[in-house]
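Below is one structure, written out as structure tokens; comments come after it.
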């Protein structure tokens with residue numbers, strides 16, 4: 001089955017918004033939920049909301065109680081799952097909508113304006129993002145575990161923070177040391193890679 005997925009991910013200094021079509025692995029909802037919450041610490045998994053998209057329509061697979069929203073973006077070649085606070089998830093969905101007409105700085109500025117006007121709720125400071133991405137072969141769908149081939153990272157989201165304000169570099173220093181990505185933007189965050 002061919003599925004069209006729209007998603008927005010913060011990458012580099014701007015928001016990377018994408019729309020891709022792929023023949024993804026077909027999973028029942030319990031398998032989607034298990035894959036989607038995998039980036040979270042085990043104690044947080046049962047309380048997370050899990051969403052999916054089919055033909056641009058969002059479906060809540062499971063309503064949670066801890067404020068985290070998770071999604072499995074896996075394809076036939078890639079395992080990718082991410083979890084964000086519900087306010088960050090809402091901002092990413094709005095950024096995806098706006099990305100049809102806006103790109104780069106114009107998109108970031110529009111999101112910042114909607115946060116500052118109150119149209120979008122400001123995320124708690126700090127809030128967390130949890131992500132995993134790597135080859136699909138690195139994900140064990142029976143045990144719901146990943147191999148070392150799958151990259152794992154967390155994001156400490158501190159909107160509008162800069163490397164200077166946090167005393168951290170704004171480029172990856174190597175050796176999996178923390179650094180600030182998207183410095184000064186609504187999605188500024190400390191990257192913690194493993």
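The values are calculated or read from the model by the stated rules, or taken from the named source; none is laboratory data. These figures come from a predicted structure and were not determined experimentally. Neighbour counts run over all protein chains shown; Cβ positions are idealised from the backbone, glycine included.
Results, tabulated for the structure shown:
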item: Single residue of the stretch 1-48 satisfying the filter (assigned to a loop (DSSP other than H, G, I, E, B), touching a helix residue (DSSP H, G or I) at 6+ places or on another chain (Cβ under 9 Å) and farther than 29 Å from residue 182 by Cα) that is modelled with the lowest pLDDT; result: 25
item: Members of the stretch 49-71 found to be touching a strand residue (DSSP E or B) at 6+ places or on another chain (Cβ under 8 Å), at pLDDT 95 or above and farther than 14 Å from residue 30 by Cβ, listed by number; result: 49, 51, 60, 63, 64, 67, 68, 69, 71
item: Among the candidates 122, 154, residue that is touching a residue at least 12 places away in the same chain (Cβ under 8 Å) and part of a strand (DSSP E or B); result: 154
item: Matching residues, the stretch 147-173, being within 20 Å of residue 131 (Cα to Cα) and surrounded by 13 or more Cβ atoms within 10 Å (Cβ to Cβ); result: 150, 151, 152, 153, 154, 155, 156, 157, 158, 159, 170, 172
item: Residue list for the stretch 72-109, filter: over 27 Å from residue 38 (Cα atoms) and surrounded by 16 or more Cβ atoms within 10 Å (Cβ to Cβ); result: 98, 99, 102, 107, 108
item: Any hit, the stretch 126-143, residues being more than 22 Å from residue 45 (Cα to Cα), buried (at least 18 other Cβ atoms within 10 Å of the Cβ), under 17 Å from the mean Cα position of the chain (by Cα) and at pLDDT 95 or above; result: no
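So that you can scan it fast, the table gives a plain yes or no per residue for (1) modelled with pLDDT of 95 or more; (2) in contact with a helix residue (DSSP H, G or I) (Cβ under 7 Å, 6 or more places away or on another chain); (3) assigned to a loop (DSSP other than H, G, I, E, B):
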{"residue": "160", "(1), (2), (3)": "no, no, yes"}
{"residue": "165", "(1), (2), (3)": "yes, no, no"}
{"residue": "174", "(1), (2), (3)": "no, no, yes"}
{"residue": "177", "(1), (2), (3)": "no, no, yes"}
{"residue": "180", "(1), (2), (3)": "yes, yes, no"}
{"residue": "184", "(1), (2), (3)": "no, no, yes"}
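Residues checked against (1) within 16 Å of residue 187 (Cα to Cα); (2) not in a helix (DSSP H, G or I):
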{"residue": "74", "(1), (2)": "no, yes"}
{"residue": "82", "(1), (2)": "yes, yes"}
{"residue": "92", "(1), (2)": "yes, no"}
{"residue": "114", "(1), (2)": "yes, no"}
